[in-house]
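J.: Here you go, one structure.
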Amino acid sequence: MKKFFEEVFSIVISVVIALVIFWVVRTYLFYPFKVDGDSMKDTMLDGERFILNLRDPIDQSDIVVFPAPDGSGDEYVKRIIGVPGDTVEYKDDILYINGEAIDEPYLDTIKADYFARFPEDTTFTDDFTLKDITGQTTVPEGSYFVLGDNREVSHDSRYFGFIDADSVEGTTHFRYWPLDKIGSVQ
């Protein structure tokens with residue numbers, strides 16, 4: 001009988017340790033995330049699932065998740081375009097950060113689709129400067145300027161301004177669903 005209780009105790013301890021490890025990993029390191037919507041199309045499609053890294057330092061062009069600024073309880077997935085101190089401008093469909101033209105290869109597929117539907121003399125991303133949108137010339141400390149890759153439908157910093165750096169829940173670089181697309185995200 002003593003042997004039975006030792007085995008049960010051993011199993012209970014193992015389960016408790018496994019649950020604690022799971023809780024620590026999910027709370028402080030990684031979190032599964034499902035995309036809802038088309039604002040990051042074609043980089044991330046509606047229904048795809050990703051691993052959110054809760055500890056990764058945030059850099060320009062990273063894809064981040066944060067609560068919707070309108071307090072709706074939704075979570076937004078967007079790309080970091082401007083970090084603190086940056087100037088951001090869009091002119092003639094070219095992104096300029098600190099006066100330097102930035103290549104955005106992640107837009108190639110969605111732009112091709114857009115220009116197949118609209119004349120070539122239209123723009124995919126309307127011209128703007130930070131001053132036009134936010135009244136400020138640079139991204140302030142503790143803030144980010146974010147855009148969705150699908151500029152046609154994305155509700156992003158062009159509409160709600162900067163996001164608070166502390167509101168960013170994490171970055172995502174790894175897709176795990178669907179299985180045929182498993183792997184790293186651009």
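The values are calculated or read from the model by the stated rules, or taken from the named source; none is laboratory data. Quantities reported herein were computed from a predicted structural model and do not represent experimental measurements. All Cβ positions, glycine included, derive from the backbone under ideal geometry; neighbour counts span all protein chains shown. These area figures cover heavy atoms from the full protein model, side chains too; ligands, DNA and RNA do not enter into them. Shrake-Rupley method; radii C 1.70, N 1.55, O 1.52, S 1.80 Å.
J.: Thr171 - would you say it is in a strand (DSSP E or B) and β-branched (Val, Ile, Thr)?
T.: Yes; evaluated as a whole, the condition is true for this residue.
J.: Same structure again: For the stretch 99-126, how many residues are under 17 Å from Thr43 (Cα atoms), open to solvent by 40 Å² or more (accessible area, probe 1.4 Å) and part of a loop (DSSP other than H, G, I, E, B)?
T.: Final tally of qualifying residues: 1.
J.: Select, from Arg151, Arg79, the only residue that is basic (Lys, Arg) and part of a strand (DSSP E or B).
T.: When all the criteria are applied, what remains is Arg79.
J.: When only residues in the stretch 44-57 that are under 16 Å from Gly148 (Cα atoms) and at pLDDT below 90 count, which is surrounded by the most Cβ atoms within 10 Å (Cβ to Cβ)?
T.: My answer is Met44.
J.: Within the stretch 100-132, which residues are among the aliphatic types (A, V, I, L, M) and over 21 Å from the mean Cα position of the chain (by Cα)?
T.: Passing the criteria: Ala101, Ala112, Ala116.
J.: Suppose we filter the stretch 58-98 for residues that are exposed (fewer than 13 other Cβ atoms within 10 Å of the Cβ) and modelled with pLDDT of 95 or more; how many remain?
T.: Qualifying residue count, the stretch 58-98: 2.
J.: Shifting gears a bit: Given (1) farther than 13 Å from Val168 by Cα; (2) part of a loop (DSSP other than H, G, I, E, B), identify the lone condition not met by Arg55.
T.: (1)
J.: If you don't mind, another one. State the number of residues belonging to the stretch 127-184 that are more than 19 Å from Met40 (Cβ to Cβ), among the acidic types (Asp, Glu) and in contact with a strand residue (DSSP E or B) (Cβ under 8 Å, 6 or more places away or on another chain).
T.: Counting residues in the stretch 127-184 that are more than 19 Å from Met40 (Cβ to Cβ), among the acidic types (Asp, Glu) and in contact with a strand residue (DSSP E or B) (Cβ under 8 Å, 6 or more places away or on another chain) gives 2.
J.: For the stretch 131-148, which residues satisfy the criterion of being part of a loop (DSSP other than H, G, I, E, B) and either open to solvent by 40 Å² or more (accessible area, probe 1.4 Å) or free of Cβ contacts under 8 Å to residues at least 12 places away in the same chain (or both)?
T.: Correct list: Gly135, Gln136, Thr137, Thr138, Glu141.
J.: Within the stretch 149-186, which residues are open to solvent by 40 Å² or more (accessible area, probe 1.4 Å), of a type outside the set (A, V, I, L, M, F, W, C) and within 12 Å of the chain's Cα centre (by Cα)?
T.: Passing the criteria: Glu169, His173, Gln186.
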